[in-house]
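Taking it in order: structure first as structure tokens, then the write-up.
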Amino acid sequence: MEAFLVANLAPIMFGALVIFLLSGFPVAFSLAANGLFFGIVGIELGLLKPELLQALPNRIFGIMANDTLLAIPFFTFMGLILERSGMAEDLLDTIGQLFGPIRGGVAYAVIFVGALLAATTGVVAASVISMGLISLPVMLRYGYDKKLAAGVIAASGTLAQIIPPSLVLIVMADQLGRSVGDMYKAAFVPGLLLTALYAGYVLAISIFKPKMVPALPLEARNLRQPNGDSGARSLLVLVIGAVAASFAFAHYWGASHPALAADELGIFSGAVGIVGAFAFALANRHLKLGLLSRMAERVVFVMIPPLALIFLVLGTIFIGLATPTEGGGMGAMGAILLAMFNGRLSLDLTKQAMHSTTRLSCFVVFILIGSTVFSLVFRGVNGDLWVEHLLSSLPGGSTGFLIVVNILFFVLAFFLDFFELAFILVPLVGPVADKLGIDLIWFGVLLGVNMQTSFMHPPFGFALFYLRSVAPKEVKTSDIYWGAIPFVLIQIVMVVLIISFPNLVSVEKKVDMNEQIELKLDTPPPPAEEKKDDEAPQLNFSTDTEKK
């Protein structure tokens, strides 16, 4: 029996962790208790030395001193301030009016606002609850299908999982030992593509089943001009002018600064267009020029402040002016200023945001401490080698590894939260992916898209529970579950697309700057005359820095 335990302690330890988690015991304490228990068992069996557990205090203090994790409370606080200051309500109302005349317009507005909230909040709960409270009654009032309305809101809220500044990407970068900024850059295009796939599904529904997504009736469009015109033409002219200003700036600034990177030039030129449109709208309002319609003015004053905050936070991170932690600090300060300028900042709102931020941050840190205890002992009993052998021996090489790992994450997402998956499984599969030659930034984004389904899985998806808590009584739980299934399938399609077309995730090819130095020991041939026994050979040392 003892020999069996010694040979199979790693798989037994992993199986015991699964039983702990399925029993409903808190995840952080399940990880820590499992690690300590099997640490004692390993010491008794002679597999581990007691000195191994002395490394725990240093590892825990290392977590507490990790500057990267500071970005989590900053971005959480920023998102909660923006969500509770009414920004989501203003965005949904304005964009709903903008897209209202077309079929599925409110659904498009929910998807678009979901992407904007994801880029400003990074918190799924805040996005789903906000849109569920504001847009679900509107969609039901004007005849939208209950299942589609519930699915669109839940799925759009989960975009905060993959669009920067996503909290899960911060954790993923920390666990894989990669830069958060690089992870954000790599996830940007997949996040936008997933948003486009959601909109494409709504478009298909509006074509083949138009009764499920009716347009807003005329009396519900309250931003029309006095003559009944929608005012969209004025907005279109303003957008064309802003885009033209951006391209002009990019042309002249790029010509005078040829060494400037393309992404930096894009951020600078985009900022010029946004600032120019906002300045023009301000001048039109205060000077009473009458050049912009009510719709155009409303869109500018509602959308540009959060867009400016996105450019401030993500732009400074992308071009390297700020670390993610510094960007999060600026974002939190920017959210406070936006709420203050809108007259919605109060002591009670700040207290609520700080309380929720503290709870989430403590939740993350405790799970990380528990996973550290588990991983220390698991590696001590050669669990990492067991996992590596198990996954690297799969048929199909790296493709087979990716398929099996994604299926594993997808199945476990029925029972575990994305934080739990990131802290438990990612440290186990990350080293194997690295040894198979898979870029860890690309791998992290792929797993981030996959773990997004953890919020949408019936019956335990958190986004479904968030929506259920604010949905009217006429929306049944079965409606929410059935509405989520098409969007889970879309997320699976996105995983397949990333595996099939790896270039969808933009990963910079970095040059290895470490010099490879070979030390050559050249021994001269023995001389013709016989050497004395006590004479030392002459050695010539040289370094060769040229790569072969």
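Has region 229-239 got any residue that is touching a residue at least 40 places away in the same chain (Cβ under 8 Å), hydroxyl-bearing (S, T, Y), open to solvent by 40 Å² or more (accessible area, probe 1.4 Å) and part of a helix (DSSP H, G or I)? No, there is no match, as no residue in region 229-239 is touching a residue at least 40 places away in the same chain (Cβ under 8 Å), hydroxyl-bearing (S, T, Y), open to solvent by 40 Å² or more (accessible area, probe 1.4 Å) and part of a helix (DSSP H, G or I).
Residues of region 485-508 that are open to solvent by 50 Å² or more (accessible area, probe 1.4 Å), farther than 15 Å from L192 by Cα and among the β-branched types (V, I, T): I485, I492, V496.
Scanning region 279-305 for residues being open to solvent by 60 Å² or more (accessible area, probe 1.4 Å), closer than 21 Å to L117 by Cβ and aromatic (F, W, Y) gives a total of 0.
What number of residues within region 410-421 satisfy the criterion of being touching a helix residue (DSSP H, G or I) at 6+ places or on another chain (Cβ under 9 Å), in a helix (DSSP H, G or I) and surrounded by fewer than 23 Cβ atoms within 10 Å (Cβ to Cβ)? First the steps, then the outcome.
Narrowing region 410-421 to residues touching a helix residue (DSSP H, G or I) at 6+ places or on another chain (Cβ under 9 Å): 410, 412-421.
Filter again for in a helix (DSSP H, G or I), leaving 410, 412, 418-421.
Retained after the next criterion (residues that are surrounded by fewer than 23 Cβ atoms within 10 Å (Cβ to Cβ)): 410, 412, 419-421.
Final tally of qualifying residues: 5.
Could you count how many residues in region 451-484 are surrounded by fewer than 16 Cβ atoms within 10 Å (Cβ to Cβ) and either of a type in the set (K, R) or assigned to a helix (DSSP H, G or I) (or both)? Walk me through it before giving the result.
To start, the set of residues in region 451-484 that are surrounded by fewer than 16 Cβ atoms within 10 Å (Cβ to Cβ) comprises 459-460, 469, 472-474, 476-478.
Filter again for either of a type in the set (K, R) or assigned to a helix (DSSP H, G or I) (or both), leaving 469, 473, 476-478.
Adding up the residues that qualify gives 5.
Among the residues making up region 343-362, a single one is within 24 Å of the chain's Cα centre (by Cα), among the hydrophobic types (A, V, I, L, M, F, W, C) and open to solvent by 80 Å² or more (accessible area, probe 1.4 Å): M354.
Answer with yes or no whether L314 is surrounded by fewer than 21 Cβ atoms within 10 Å (Cβ to Cβ) and either modelled with pLDDT under 85 or more than 20 Å from L116 (Cβ to Cβ) (or both).
On the way: surrounded by fewer than 21 Cβ atoms within 10 Å (Cβ to Cβ): no; either modelled with pLDDT under 85 or more than 20 Å from L116 (Cβ to Cβ) (or both): yes.
Spelling it out, it is not the case that L314 is surrounded by fewer than 21 Cβ atoms within 10 Å (Cβ to Cβ) and either modelled with pLDDT under 85 or more than 20 Å from L116 (Cβ to Cβ) (or both).
Among the residues of region 171-200, count how many are open to solvent by 40 Å² or more (accessible area, probe 1.4 Å), more than 16 Å from A107 (Cβ to Cβ) and among the small types (G, A, S). Qualifying residue count, region 171-200: 2.
The single condition among (1) closer than 24 Å to L136 by Cα; (2) surrounded by 24 or more Cβ atoms within 10 Å (Cβ to Cβ); (3) not acidic (D, E) that L203 does not satisfy is (2).
Quick check on S23: is it open to solvent by less than 30 Å² (accessible area, probe 1.4 Å) and hydroxyl-bearing (S, T, Y)? Criteria not met by S23. Residues of region 149-159 being within 17 Å of F99 (Cα to Cα) and of a type outside the set (S, T, N, Q), which ones? Answer for region 149-159, where residues must be within 17 Å of F99 (Cα to Cα) and of a type outside the set (S, T, N, Q): A149, V152, I153. When region 317-340 is limited to residues that are open to solvent by 30 Å² or more (accessible area, probe 1.4 Å) and free of Cβ contacts under 8 Å to residues at least 12 places away in the same chain, the one that is farthest from L80 (Cα to Cα) turns out to be L321.
One line per residue, one yes/no per condition, for (1) within 27 Å of E326 (Cα to Cα); (2) modelled with pLDDT under 80; (3) small (G, A, S):
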residue: K49; (1), (2), (3): no, no, no
residue: L52; (1), (2), (3): no, no, no
residue: G62; (1), (2), (3): yes, no, yes
residue: I129; (1), (2), (3): no, yes, no
residue: P137; (1), (2), (3): no, no, no
residue: K147; (1), (2), (3): no, no, no
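Figure legend. Inter-residue proximity from region 429-455: first residues in contact (Cβ under 8 Å) with a residue 60 or more places away in the chain, second residues of a type in the set (D, E, K, R) and in a loop (DSSP other than H, G, I, E, B), beta-carbon distance below 6 Å, spacing 6+ or different chains. Indicated pairs: L440/R178; I441/R178. Which condition breaks for L70 when tested against (1) farther than 30 Å from A196 by Cα; (2) open to solvent by less than 10 Å² (accessible area, probe 1.4 Å)? L70 satisfies all of (1) farther than 30 Å from A196 by Cα; (2) open to solvent by less than 10 Å² (accessible area, probe 1.4 Å) except (2).
Among the numbered conditions (1) touching a residue at least 40 places away in the same chain (Cβ under 8 Å); (2) open to solvent by 70 Å² or more (accessible area, probe 1.4 Å), the only one that E44 does not meet is (1).
Count of region 24-64 residues, restricted to those that are of a type in the set (A, V, I, L, M) and under 14 Å from T372 (Cα atoms), is 13.
Confirm whether I424 is of a type in the set (A, V, I, L, M), touching an Asp or Glu at 6+ places or on another chain (Cβ under 8 Å), more than 25 Å from A154 (Cα to Cα) and buried (at least 18 other Cβ atoms within 10 Å of the Cβ). Talk me through it step by step, then tell me what you get.
Working: of a type in the set (A, V, I, L, M): yes; touching an Asp or Glu at 6+ places or on another chain (Cβ under 8 Å): no; more than 25 Å from A154 (Cα to Cα): yes; buried (at least 18 other Cβ atoms within 10 Å of the Cβ): yes.
When the stated conditions are applied, I424 does not pass them.
Which of the residues that make up region 3-35 are assigned to a helix (DSSP H, G or I), among the small types (G, A, S), closer than 17 Å to F415 by Cβ and free of Cβ contacts under 8 Å to residues at least 60 places away in the same chain? Even if it seems obvious, please write down each step before you answer.
Going through region 3-35, the residues assigned to a helix (DSSP H, G or I) turn out to be 3-22, 27-35.
Now narrow it down to the ones that are among the small types (G, A, S): 3, 7, 10, 15-16, 28, 30, 32-33, 35.
Checking the rest, the ones that are also closer than 17 Å to F415 by Cβ come to 15-16, 28, 30.
Residues satisfying the conditions are G15, A16.
Here region 101-118 is the region considered, the condition is being small (G, A, S) and within 21 Å of E83 (Cβ to Cβ), and the residue that is most open to solvent (accessible area, probe 1.4 Å) is A115.
Among residues belonging to region 208-227 that are polar (S, T, N, Q) and over 37 Å from the mean Cα position of the chain (by Cα), point out the one that is farthest from G104 (Cα to Cα). If you could, list the steps in order and put the result at the bottom.
Filtering region 208-227 for residues polar (S, T, N, Q) gives 222, 225, 227.
Going one step further and asking which of them are over 37 Å from the mean Cα position of the chain (by Cα), we end up with 225, 227.
Details: Q225: 23, N227: 25 Å.
Selected residue: N227.
For every residue, the table says whether it meets (1) at pLDDT 85 or above; (2) in a helix (DSSP H, G or I); (3) charged (D, E, K, R).
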position: L321; (1), (2), (3): no, no, no
position: I336; (1), (2), (3): yes, yes, no
position: L349; (1), (2), (3): yes, yes, no
position: A353; (1), (2), (3): yes, yes, no
position: R359; (1), (2), (3): yes, yes, yes
position: G370; (1), (2), (3): yes, yes, no
position: F374; (1), (2), (3): yes, yes, no
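The condition (being of a type outside the set (A, V, I, L, M) and open to solvent by less than 30 Å² (accessible area, probe 1.4 Å)) is satisfied by just one residue among N58, N8, N34: N34. Every residue in region 75-94 that is over 21 Å from the mean Cα position of the chain (by Cα) and acidic (D, E), please. Listed by number, the residues that qualify are E89, D90, D93.
The values are calculated or read from the model by the stated rules, or taken from the named source; none is laboratory data. Predicted model, so just to flag it, every value in this text is computed and none were measured. Heads up, the Cβs are rebuilt from the backbone with ideal geometry, glycines too, and the neighbour counts pull from every protein chain shown. Ligands, DNA and RNA are stripped out before the accessible areas are found, and what is left, the full protein with its side chains, is counted by its heavy atoms. Shrake-Rupley method; radii C 1.70, N 1.55, O 1.52, S 1.80 Å.
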